[in-house]
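Have a look at the structure below before the remarks.
The values are calculated or read from the model by the stated rules, or taken from the named source; none is laboratory data. All figures in this text were calculated on a predicted structure; none of them were measured in a lab. All Cβ positions, glycine included, derive from the backbone under ideal geometry; neighbour counts span all protein chains shown. Only protein heavy atoms, including side chains, enter the accessible area calculation; ligands, DNA and RNA are left aside. Shrake-Rupley method; radii C 1.70, N 1.55, O 1.52, S 1.80 Å.
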Amino acid sequence: MERELIVEEMKNISITNSLTSSPHDSNNIIPKTPKSPFSSKILMSPLASASPIMKKALTYMEEIGHLRKLHDPAQDAWLPITESRSGNAYYAAFHTLCSGIGVQALLLPLAFITLGWIWGIISLSLVFMWQLYTLWLLIQLHEFAPGMRNSRYLGLSMAAFGEKLGKILALFPTMYLSGGTCVTLIMIGGSSMKIFFQTVCASHMTTLSTIEWYIVFTVSAIVLAQLPNLNSIAGISLVGSISAVTYCTLTWVISLIKERPQGVSFEPVENTSDVATICSFLNALGMIVFAFRGHNLVLEIQGTMPSSLKNPSHVPMWKGVKFSYSIIALCLFPLAIGGYWAYGNLMPNGGILSALDKYHGEDTSKVILGITSLLVAIHCLTSFQIYAMPVFDNWEFKYTNKKKKPCPWWLRTGLRVFFGCLTFFISVALPFLPSLAGLIGGIALPVTLAYPCLMWIMIKKPNRYSPSWFVNWSLGLLGLVLSVLLVFGAIWTIATQGMDVHFFKTQ
């Protein structure tokens, strides 16, 4: 019915335009008007008072090539995320795979110590399907109305919950998942560089200090960050994806082929109290949930693709996501299950990479151990680029919104150098920040598991008590409850076990 109304309005528009257009201007249906900084055309009377259906018809005509965009903000063409819209399914797969696998995955066998075989596998499988479903929701919501693209998570949150509430709910989590992740990547990447150097060259040269390796990593990241936009780093994301898959595979394969340490046990760890048991269980669930990441980037990645009604961007985006998450599953499940089988309750707190060094450091080739550390460093360096891009985009948005012109090259370079220096300073000043990962990660958890479901309800408005309504309300509320419980568990752990707080004292 709505399609018939749109077609009827399109006929009316054709009649109107035949009366108002100049015979010498066959390419432009709409009369020319002065340009504004953020629109290429402004509709004048008699179309200015168009009905909602007419506006849909106009948008449809634009999409199939009859009209230019009614609302074509030039600002999008000036920002790093949407500056280039030549992306494809391959680029989406590279970006998603690079951002979706992290060193958090190396901690998965630790979760099995508390959960055991059955509940560990069940929890990992359920969380994997849950976050894949919310990814699908975000991809579908990228263009929830014809002609409208939500290329940033914060923008979609504001569209769903309102400008004020949307900012409150999404601004801090998304900025933490970008800036906070970059700080963590400097710590892990710099430390991995140091381990690689000690493993390969320790007998020949004097090693640098930890802070000096942080500087080496940060300078390298700043140099790569000068690439202008998200599409331009697709090759870097490909390198990062290969590195991540390789070091994940190396760790669990070596752990399986080597002889298991003496005293491996799969008995559940006993806790001193019921509260401690609950907190251990929540901590294990948190390790599984935090192993999956990148939801704050999926809309940005999709925003780099061309889109029209005939060829919507969600089709190639979903193809890329399905491929990348097939690879992620082939990495994470063997890593969790194989790592737990190899080390059981002997798994150190540093995860399977620490276990490999602790139990097989002497009988494993230094070349293999060195390559593993180098691959971790390379993946951290490449992940830094994609996680920093929303921050660059946000800063440049503020400039272009105020000045109504693109950000000059010297300012763009300066902003990226400043961001690198800022994250380096935080990594040195707050070396205990990873100890707060459970607390802050619990606050940011709804970005992955809860908000997409609630945004789907607010935007799509499914019929009450329909399967879609029931599933999304259930998952959304469950995600919020899980977030609260993980924050409680993190606070309880810090209160009972304490935390080594030291400023400007890197290990």
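Tell me, which helices (runs of 4 or more DSSP H) wholly within region 176-271 include 1 or more residues that are more than 30 Å from Leu415 (Cα to Cα) and touching a Leu at 6+ places or on another chain (Cβ under 6 Å)? Explain how you work it out, then say what you get.
Numbers: elements: 181-201, 210-224, 234-257.
Passing ranges, in order: 181-201, 234-257.
Kindly state which helices (runs of 4 or more DSSP H) lie completely within region 388-507 and contain at least 3 residues that are more than 26 Å from Val183 (Cβ to Cβ) and open to solvent by 70 Å² or more (accessible area, probe 1.4 Å).
Details: elements: 409-429, 437-444, 446-449, 451-460, 467-497.
Helices (runs of 4 or more DSSP H) meeting the threshold: 467-497.
If I go through region 121-154 residue by residue, how many of them are part of a helix (DSSP H, G or I) and modelled with pLDDT under 90?
Residues flagged as part of a helix (DSSP H, G or I) and modelled with pLDDT under 90 within region 121-154 amount to 0.
Can you name every residue in region 301-311 that is modelled with pLDDT of 90 or more and open to solvent by 10 Å² or more (accessible area, probe 1.4 Å)? Break it down stepwise before answering.
Narrowing region 301-311 to residues modelled with pLDDT of 90 or more: 301-306.
Pro306 - this is the single residue of region 301-311 that is modelled with pLDDT of 90 or more and open to solvent by 10 Å² or more (accessible area, probe 1.4 Å).
Checking the structure you have, find out if any residue of region 369-391 is at negative phi and free of Cβ contacts under 8 Å to residues at least 60 places away in the same chain.
At the first step, the residues of region 369-391 found to be at negative phi are 369-391.
Then keep just the ones that are free of Cβ contacts under 8 Å to residues at least 60 places away in the same chain; that gives none.
There is no residue in region 369-391 that is at negative phi and free of Cβ contacts under 8 Å to residues at least 60 places away in the same chain.
What about Thr59, is it at pLDDT 90 or above, of a type in the set (S, T, N, Q), at negative phi and assigned to a helix (DSSP H, G or I)? Walk me through how you get there before you give the answer.
Working: at pLDDT 90 or above: no; of a type in the set (S, T, N, Q): yes; at negative phi: yes; assigned to a helix (DSSP H, G or I): yes.
It is false that Thr59 is at pLDDT 90 or above, of a type in the set (S, T, N, Q), at negative phi and assigned to a helix (DSSP H, G or I).
Tally the residues that are under 26 Å from Ala329 (Cα atoms), of a type in the set (A, V, I, L, M) and within 14 Å of the chain's Cα centre (by Cα), restricting the search to region 123-173.
Selection size over region 123-173: 4.
Restricting the search to region 338-356, which residues are out of contact with any helix residue (DSSP H, G or I) (no Cβ under 7 Å at 6 or more places or on another chain) and modelled with pLDDT of 85 or more?
Trp341, Gly344, Leu346, Ser354
Can you tell me which residue among Val289, Val264, Val269 is within 34 Å of the chain's Cα centre (by Cα) and surrounded by fewer than 18 Cβ atoms within 10 Å (Cβ to Cβ)?
Answer to the selection: Val269.
Of the residues that sit in region 270-280 and are out of contact with any helix residue (DSSP H, G or I) (no Cβ under 6 Å at 6 or more places or on another chain) and not hydroxyl-bearing (Ser, Thr, Tyr), which one is farthest from Gly489 (Cα to Cα)? Even if it seems obvious, please write down each step before you answer.
So the first thing to find is which residues in region 270-280 are out of contact with any helix residue (DSSP H, G or I) (no Cβ under 6 Å at 6 or more places or on another chain), and the list is 270, 272-278.
Among the residues that remain, those that are also not hydroxyl-bearing (Ser, Thr, Tyr) are: 270, 274-276, 278.
Numbers: Glu270: 17, Asp274: 13, Val275: 9, Ala276: 9, Ile278: 8 Å.
Among those residues, the one meeting the criterion is Glu270.
In region 252-263, is there at least one residue being of a type in the set (Asp, Glu), modelled with pLDDT of 85 or more and touching a Pro at 6+ places or on another chain (Cβ under 9 Å)? Lay out the reasoning, then the answer.
Restricting attention to region 252-263, the residues satisfying the condition of being of a type in the set (Asp, Glu) are 259.
Now drop any that are not modelled with pLDDT of 85 or more, which leaves 259.
In the following step, the residues that additionally are touching a Pro at 6+ places or on another chain (Cβ under 9 Å) were identified as none.
Within region 252-263, not a single residue is of a type in the set (Asp, Glu), modelled with pLDDT of 85 or more and touching a Pro at 6+ places or on another chain (Cβ under 9 Å).
I want to confirm something. Restricting to region 197-240 and keeping residues that are within 13 Å of Tyr91 (Cα to Cα), among the small types (Gly, Ala, Ser) and surrounded by 14 or more Cβ atoms within 10 Å (Cβ to Cβ), which single residue is nearest to the chain's Cα centre (by Cα)?
Ser237
Please go through region 326-358 and give me each residue that is more than 14 Å from Gln104 (Cα to Cα) and buried (at least 22 other Cβ atoms within 10 Å of the Cβ), ordered by number.
Tyr340, Ala342, Tyr343, Met347, Ala355, Leu356, listed by residue number.
Would you please name the residue that is surrounded by the most Cβ atoms within 10 Å (Cβ to Cβ), looking only at residues in region 125-153 that are in contact (Cβ under 8 Å) with a residue 24 or more places away in the chain and among the aliphatic types (A, V, I, L, M)?
Once the filter is applied, the top-ranked residue is Leu138.
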